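Here the structure comes first, spelled out in structure tokens, and everything after it is commentary.
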Amino acid sequence: MLKKTAIAGAILLALSSLTAQAEGYKLLEQSVSSMGNAYAGRGAQITDATLVYSNPAAMVHLNGEHFSGGLNLIHARTRYSDAEAVSAAGQSVTGRDNGKALLTEVVPFAFYTKQVTDDLTWGLGFYVPFGLSSDYQQDWAGRYFADETAVKVLSLQPAVGYKLNNWLSIGAAVSLNRAEGVLSKYKDHSGLCELGTGINQLVGRDVYNAAYCDSHYEVAGNDISLGYTLGIHAEPISGTKLAIVYHSAVRYTLKGDSEITNTPITAATAGNTPGLIAIAPNLPLLNTTTGKLASRDLLVEKSKLDLTTPATLSFSIDQLVTSNLSLQASVLWTGWSKFKSIDIVSDDSSPSISISTGPALGADGYIGYIPEYWHDTWSASVGATYQYQPGLLLRTGIAYDENPISTQHKTARIPTSDRIWLTAGFSHSLTTMSSIDFAYGYMFMDDVKINESEYGVANNKLNLANVKANYANTAHVIAVQYNRKF
């Protein structure tokens with residue numbers, strides 16, 4: 001295995017096999033008070049300093065100075081079964097046919113607001129809007145399609161809110177975002193590993209190179225980019241709070257390295273390397289020093305990937321029913337349809353990988369290509385908040401998240417379907433100036449089947465490589481948040 005580097009270019013897009021409380025790879029875990037209601041009413045409810053992200057327009061209702069900081073512990077599990085795969089040459093790939101991929105991550109956040117005048121408030125936030133990780137066992141049958149996936153986007157966001165009148169306020173924010181991640185898999189060299197020592201019988205001598213079975217590909221990259229948020233908060237009727245919030249798309253060009261180990265040396269890639277001879281058609285060259293088929297220990301090529309994380313638009317309502325009970329609801333649109341494919345392209349003046357992968361994929365300079373063709377999604381949630389006693393507020397909610405991936409594009413990295421979230425939580429006052437929020441969420445979804453193949457840039461099937469498997473996914477989130485007024 002290669003040493004894990006910072007972020008993987010392609011990964012950000014391939015990530016969603018184990019997401020937390022959102023569709024695709026977007027995270028909503030920036031507010032524990034909102035999580036208790038399954039994020040119903042988010043941005044409409046006047047809660048705490050997490051409004052810097054949820055709706056900067058609502059910050060104007062926080063008097064004085066406020067701080068909120070917390071942690072989300074996300075534990076998600078994907079169990080796979082009945083996995084079977086074939087190589088590019090059509091041979092059966094031996095390996096584990098059942099197992100699990102796990103995600104256990106701690107997601108932090110911190111927010112601060114300060115009231116400048118009766119009408120003007122500013123705030124600052126640090127949070128994680130996208131992220132997850134998963135890792136298959138190295139011997140699983142689908143290792144030629146997926147091994148490790150990891151992604152993290154960190155955001156720093158100043159915000160401002162302004163009260164237009166007694167019932168309407170507006171807000172805006174700018175976010176500075178840094179994306180980083182890693183994407184890896186084992187490399188299928190047209191079934192050389194599966195052919196194994198059978199190669200010796202073809203050429204009549206012991207030339208098999210076992211290193212081909214440990215050929216591993218990893219891509220890494222990172223970028224920094226800006227985004228923005230616009231918000232409206234209104235209370236046109238006493239007890240009825242409304243919110244509309246838009247989070248912009250963020251465009252990255254992730255740059256880093258593509259690395260591959262133990263690659264066969266062919267006549268097309270040998271260059272001026274000495275001590276290599278051809279011994280049979282369609283086989284790598286022979287290393288005359290070792291007497292085995294030749295391989296390169298490591299190839300490295302600078303690469304890049306254009307990535308746009310999606311825009312979102314939400315509408316929320318917080319309705320007071322009695323002096324102790326309020327009901328919440330939200331709908332959320334996410335613009336996933338701009339995500340058509342993962343295109344890993346060379347950014348190197350002296351290419352070492354794309355000289356062979358480009359022609360195979362059907363486009364010069366290409367190192368990797370995965371068709372995605374996601375579609376826009378709608379999510380909805382409803383919740384209830386009850387003042388059980390002074391200083392103790394109870395919350396609960398249920399959410400439905402539509403999955404952006406069609407059946408034909410589900411992959412070993414992204415084996416998900418529509419999901420349901422059930423949540424509960426509470427807010428407890430510690431003193432007149434401080435409080436703590438706690439929330440728990442459980443996610444479940446229908447079982448998923450994948451039938452994945454390899455494709456070229458023209459969306460043509462490249463070879464016979466294929467993996468099939470069944471998946472069952474669950475996730476738990478436990479979160480805690482501390483709030484302080486000044």
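The values are calculated or read from the model by the stated rules, or taken from the named source; none is laboratory data. As the structure is a computational prediction, the values presented were derived from the model and not from experiment. When we count neighbours, we look across all protein chains shown, and the Cβ atoms used for this are built from the backbone with ideal geometry, even at glycine.
Conditions tested, residue by residue: (1) at pLDDT 90 or above; (2) of a type in the set (D, E, K, R).
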| residue | (1), (2) |
| --- | --- |
| ASN222 | yes, no |
| GLY231 | yes, no |
| ALA234 | yes, no |
| LYS241 | yes, yes |
| ASN272 | no, no |
| ALA280 | no, no |
| THR289 | yes, no |
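State whether one or more residues within the stretch 426-449 are of a type in the set (Lys, Arg), over 30 Å from LEU192 (Cβ atoms) and in a strand (DSSP E or B).
No, that holds for no residue.
In the stretch 71-108, how many residues are at pLDDT 95 or above and either under 30 Å from PHE126 (Cβ atoms) or in contact with a Lys or Arg (Cβ under 6 Å, 6 or more places away or on another chain) (or both)?
1
What number goes with the only condition from (1) of a type outside the set (Ser, Thr, Tyr); (2) touching a residue at least 24 places away in the same chain (Cβ under 8 Å); (3) in a loop (DSSP other than H, G, I, E, B) that VAL245 does not pass?
Only one criterion is unmet by VAL245, namely (3).
Going through the stretch 326-371 one residue at a time, which ones are of a type in the set (D, E, K, R) and either assigned to a strand (DSSP E or B) or touching a helix residue (DSSP H, G or I) at 6+ places or on another chain (Cβ under 6 Å) (or both)?
First, pick out the residues of the stretch 326-371 that are of a type in the set (D, E, K, R): 338, 340, 343, 347-348, 364.
If the condition is that a residue be of a type in the set (D, E, K, R) and either assigned to a strand (DSSP E or B) or touching a helix residue (DSSP H, G or I) at 6+ places or on another chain (Cβ under 6 Å) (or both), then ASP343, ASP364 are the ones that fit.
Of all residues in the stretch 52-90, which are farther than 30 Å from TYR228 by Cα, crowded, with 19+ Cβ neighbours inside 10 Å and out of contact with any Cys (no Cβ under 8 Å at 6 or more places or on another chain)? Lay out the reasoning, then the answer.
Here is the first cut: in the stretch 52-90, the residues farther than 30 Å from TYR228 by Cα are 77-90.
Imposing the further condition that a residue be crowded, with 19+ Cβ neighbours inside 10 Å reduces the set to 78, 80, 83, 85-88.
Across the stretch 52-90, the qualifying residues are THR78, TYR80, ALA83, ALA85, VAL86, ALA88.
Out of GLY239, GLY271, I need the residue that is under 30 Å from ASN166 (Cβ atoms), over 20 Å from the mean Cα position of the chain (by Cα) and exposed (fewer than 14 other Cβ atoms within 10 Å of the Cβ). Which one? Walk me through how you get there before you give the answer.
Details: GLY271 fails: under 30 Å from ASN166 (Cβ atoms).
None of the others qualify; the one that does is GLY239.
Hey, among TYR144, TYR136, which residue is among the hydroxyl-bearing types (Ser, Thr, Tyr), modelled with pLDDT of 90 or more and under 20 Å from VAL182 (Cβ atoms)? Outline the logic, then answer.
Details: TYR136 fails: modelled with pLDDT of 90 or more.
Only one candidate passes the filter, namely TYR144.
Do we have LYS255 as farther than 30 Å from TRP374 by Cβ, in contact (Cβ under 8 Å) with a residue 40 or more places away in the chain and of a type outside the set (A, V, I, L, M, F, W, C) here? Reasoning before the result, please.
On the way: farther than 30 Å from TRP374 by Cβ: no; in contact (Cβ under 8 Å) with a residue 40 or more places away in the chain: yes; of a type outside the set (A, V, I, L, M, F, W, C): yes.
Spelling it out, it is not the case that LYS255 is farther than 30 Å from TRP374 by Cβ, in contact (Cβ under 8 Å) with a residue 40 or more places away in the chain and of a type outside the set (A, V, I, L, M, F, W, C).
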